[in-house]
1. Which far-off residues, 5 or more places away or on another chain, put their amide H under 5 Å from the one on B:ILE355, with H placed in the peptide plane?
2. So, in nm, how far is label B:ILE19 from label B:SER372 when the simple model puts each one 7 Å beyond its Cα toward the Cβ?
3. Work out the length of the dipole vector of chain B about its Cα centre, built from +1 on the beta-carbon of each Lys and Arg and -1 on the beta-carbon of each Asp and Glu, and round it to the nearest 20 debye.
4. Considering every residue in B:123-134, what mean count of other chain Cβ atoms within 10 Å of its Cβ is obtained?
5. Rule-of-thumb check for the protein assembly as shown: C-alpha Rg over 2.2 N^0.38 Å?
6. What's the magnitude of the charge dipole for the range A:3-88 around its Cα centre, counting Lys and Arg as +1 and Asp and Glu as -1 at the beta-carbon? Answer in Debye, nearest 20.
7. I want to check the label-to-label distance for B:TYR332 and B:GLU238. Put each point 7 Å from Cα in the C-beta direction and report it in nm to one decimal.
8. As I understand it, the dipole of chain B uses +1 on the Cβ of Lys and Arg and -1 on the Cβ of Asp and Glu, about the Cα centre. Which of B:ALA41, B:TYR4, B:PRO21 lies farthest toward its positive end?
Amino acid sequence: MSVEEVFSSKGRVKILKILADIGELNISEIARRAGLNYATTNQHLQVLENHGLIRHKKFGRIRIFRFEEENPKAQMIKKLIEAWEQANKPEST
Amino acid sequence: MPQYFSVFKDESKLDVNYIPPSLPHRGAQLSLLDQFFRFAAESPGKMTQRVMITGNIGTGKTVLSQHFGFNIAREARERGINLNYVHVNCRECKGSLFMILQRTILKFYPHFPRRGYSAEELLQGLMQILDEQNAYLILALDELEALIRVEGSDPLYNLTRVQEERPKAPQRLSLICILRQPECLDALDPSARSTLQRNIIRLEEYSKLQLQDILNDRVNLAFGHGTIFAPTVDLIAELASSEGGDARYAIELLWRAGKYADASEVREVSPECVRKAAVSVYPVVRKDMISSLGLHEKLFLLGVARRFRQAGTAYMSMGEAEDAYAVVCEEYGEKKRGHTQLWKYVKDLSMSGIIEAKASGAGHRGKTTLISLPRVPASDLEEELSKALM
């Protein structure tokens, strides 16, 4: 997956941002926070997972997604988002 | 700026949820618990344990379990064992196994989805999490009566048998069941009962001397030096022991007496402060009790208290209580709940002992539930509730 493919979709970036912020989450909650519908969220998650950026854990019917710790690209994206968000925060006086 | 003097040095040590570093007069029970669960800190996974703690209000059931649980979990961690102690109050969970398991899982996975799954799925999920994290769990179910009343035998049966479906896997889930009356287990079916009734720790009510020791411990932790003396502590112990050896009542009395002293701007908690406090604390209506009620339960109870204060009668019918509640709802701008929900509140409130409810018998036209308020003056209850609703 090329880098522009990841970052060209606003939905995907939103999902990555949520996962970087929260750590791990189920689809419905990701969809709610990203303001996307379930099917779209599911598609984005699948794309991201197919490219090894995220992975999921299953508890019966419950799927919980998180960043793939073992993929250096995933870790770099996570760090980028974290650094970006940090820089956006207003400086405390 | 004027300097305010307080008799307290650390008020939080008198909070109902505070766990003191030592438990006077519960050493024997603590070491019994320790023996029951020794394996958990030494060779976990080989077996699980189920222990029942029973005793009246304020005999130290909750604090005993928490004190033990947090200590053993810490000890196990030092040995490199991932042993967790989770304490859940079944009444706060409205007697629902789903909510109990959800609270438990959230300790391991703070973002676990909050709805959409059955209690059975959650139980399987919990076991899977324990397996994945190689963790062991001692789950304390406080006020177990609520769970039995709402869901019957099945939850306990499932919790005790979940290991049997996985015979070769390590045993990970142990239970501490905390309840007031062991008789409520009679409502369980025999198979669920037999798995629980092996290890019972019965806590007797505290004597006056024991209460004195407990109070002295708390005085040292919470009050400034020279602000409260032995005769005052004796008086509190005396009052609490006449209320059935209720230590929680004694501690609340101690706290209130301190508050009265602060309010009257004196530098010592005198027996007079205790007497004033005793008038305002009723053993069944304590602030922790009131704060655990839901908004509409409070509103309903406020309606009942007001009606009793105004009418001066001993009993009121369900219909009258509903009318009084409707007025209170209007006052607080809340949409009123329906009859069935109110009837559930009446059942819950009478279980907790604030009100009493009985079916109207002969001499009444039709059939209704008669509510009475035998233990608390209506005006005091009204005052407490109004404060809580502010």
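Read the figures in this text as sums done on the coordinates, not as results from a lab. This one's a predicted model, so the numbers in the text were calculated from it and none came from an experiment. With ideal geometry, Cβ positions are generated from the backbone for all residues, glycine too; neighbour counts draw on all protein chains shown.
1. B:SER350
2. 4.1
3. Rounded to the nearest 20 debye, it is 600 debye.
4. If you average over the peptide's residues, the count of other-chain Cβ atoms is 2.
5. 1.17
6. Roughly 320 debye, rounded to the nearest 20.
7. If labels sit at B:TYR332 and B:GLU238, their model points lie 3.9 nm apart.
8. B:ALA41
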